[in-house]
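Undergrad: Before I ask anything, here is the structure I am working with.
The values are calculated or read from the model by the stated rules, or taken from the named source; none is laboratory data. On a predicted model such as this, the values are computed, not experimentally measured, just so you know. All Cβ positions, even for glycine, are placed from backbone atoms using ideal geometry, and neighbour counts span all protein chains on display.
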Amino acid sequence: MAEHPAYPVGLRLTGRRVVVLGGGQVAQRRLPALVAAGADVVLVSPEATPSVEAMADAGEITWARRPYQDGDLADAWYALIATSDPDANARASAEAERHRVWCVRSDDADAATAWTPATGHSEGVTVAVLTTSARGRDPRHTAAIRDAVVEGLRDGTLVAPHHRTRTPGVALVGGGPGDPDLITVRGRRLLAEADVVIADRLGPRDLLAELPPHVEVIDAAKIPYGRYMAQEAINNALIEHAKQGKSVVRLKGGDPFVFGRGMEEVQALAEAGIPCTVVPGISSSISVPGAAGIPVTHRGVAHEFTVVSGHVAPDDERSLVDWPSLARLTGTLVILMGVDKIGRIAETLIAHGRSPDTPVALVQEGTTAAQRRVDATLATVAETVRAEDVKPPAVIVVGAVVTVGPATAG
């Protein structure tokens, strides 16, 4: 056959029979996309990997537990041949040719009638990269091109503007614990598309420097009307800019719904008739201890962890935390916003049963270049905070998990 480039096409396989021969690693990689495409997948293989078997047990695919037989490709629209038997692969390929079934062969691309491109997805777009001919096929090269394009679309470095009118609205984006690389892919993409960004002090500030010059950045910490009116002012700013037809991102530290007042903003937007998208973020309650080498749970040490706010002291009438009950728990206690109240918190926990020798770790500026870890016990933590000049933001971990990993204090 003369050497011609492959013709790229997108197959619509919903409800159509697709036959996969072989239940090994190739099938394990390809089956999820076929199932996601809505195909009626039939797997023919005497054995399968545990992941493939789990798909069959869940009813996502039909599994014929036997080797390939002539006639297996009847009525198929598409076939993937990936067995370890060269003779079976050749016979199946010949059957596919007779029945005019597009056929991919994992063992011999030259003998196939179809090739699987390197694919990736971003914002409802599938990026598929395909070598133009069998000669000089380089799967790693095509995968690298795919990755570069998808990553660029996701993080906004490859800008592909929408040519249809976007629906104005607000995206409530959790920025993660501080390291700009720990924001979600979706959050980063929405940032790249924003007209206005209203940012918290604890959000990943480094990402703001990457925004195009036309993007208006509003520092939520400096919105006027005073401390106790700040949230109302933020709500009003979100509504005002969205009503002007702009795409607004509310960039918050951690996760919007973990002590982030995210629901207050969602409710205000809903009352104003403004559509809102919520993008979860990595909570500092788990990620910051992890970055400091502290697991919040560990086999044989802690079977639960509890996250509480320490922004009001245990004896403050505004506190909603049942500190006596927390003192009786044996698992991990993670305290956010509690640096200046840790003395009274520690006294309360000890008074209600926690040992004064319970390990405590304070992780300041977690996941950033300024991260540091300071260790203490419940008995010594108040003095340690003063002596080491621990400042917010810091995540406080109380419990035996503090001593599980290697010590990294300082």
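Undergrad: Hey, does segment 349-362 have a residue that's under 27 Å from the mean Cα position of the chain (by Cα) and buried (at least 17 other Cβ atoms within 10 Å of the Cβ)?
TA: The answer is yes; a qualifying residue exists.
Undergrad: Could I ask something else about it? Name the single residue, out of those in segment 305-333 being among the hydrophobic types (A, V, I, L, M, F, W, C) and within 16 Å of ALA351 (Cβ to Cβ), that is surrounded by the most Cβ atoms within 10 Å (Cβ to Cβ).
TA: Filtering first and then ranking leaves LEU333.
Undergrad: Next question. From (1) under 26 Å from PRO5 (Cβ atoms); (2) of a type in the set (Ser, Thr, Tyr); (3) assigned by TED's automatic domain parsing to the domain that holds LEU21, pick out the condition that doesn't hold for SER45.
TA: (1)
Undergrad: Could you list all residues from segment 334-346 that are crowded, with 17+ Cβ neighbours inside 10 Å and in a helix (DSSP H, G or I)?
TA: Within segment 334-346, VAL339, LYS341, ILE342, ARG344, ILE345, ALA346 meet the criteria.
Undergrad: Give segment 8-31 a look and list any residue that's in contact with a Ser or Thr (Cβ under 9 Å, 6 or more places away or on another chain) and either surrounded by 24 or more Cβ atoms within 10 Å (Cβ to Cβ) or assigned by TED's automatic domain parsing to the domain that holds ASP72 (or both), or say none.
TA: Across segment 8-31, the qualifying residues are VAL20, LEU21, GLY22, GLY23, GLY24, GLN25, VAL26, ALA27, GLN28, ARG30, LEU31.
Undergrad: Another question, if that's okay. How many residues does segment 260-285 hold that are out of contact with any strand residue (DSSP E or B) (no Cβ under 8 Å at 6 or more places or on another chain) and hydrophobic (A, V, I, L, M, F, W, C)?
TA: Residues that pass the stated criteria total 3.
Undergrad: Still on this structure: Answer yes if at least one residue in segment 64-73 is assigned by TED's automatic domain parsing to the domain that holds ALA112, over 19 Å from THR116 (Cβ atoms), assigned to a strand (DSSP E or B) and of a type in the set (A, V, I, L, M, F, W, C), and no otherwise.
TA: Checked segment 64-73: at least one residue is assigned by TED's automatic domain parsing to the domain that holds ALA112, over 19 Å from THR116 (Cβ atoms), assigned to a strand (DSSP E or B) and of a type in the set (A, V, I, L, M, F, W, C).
Undergrad: When you scan segment 245-255, do you find a residue that is more than 30 Å from SER325 (Cβ to Cβ), over 18 Å from the mean Cα position of the chain (by Cα) and polar (S, T, N, Q), even just one?
TA: Yes, that holds for at least one residue.
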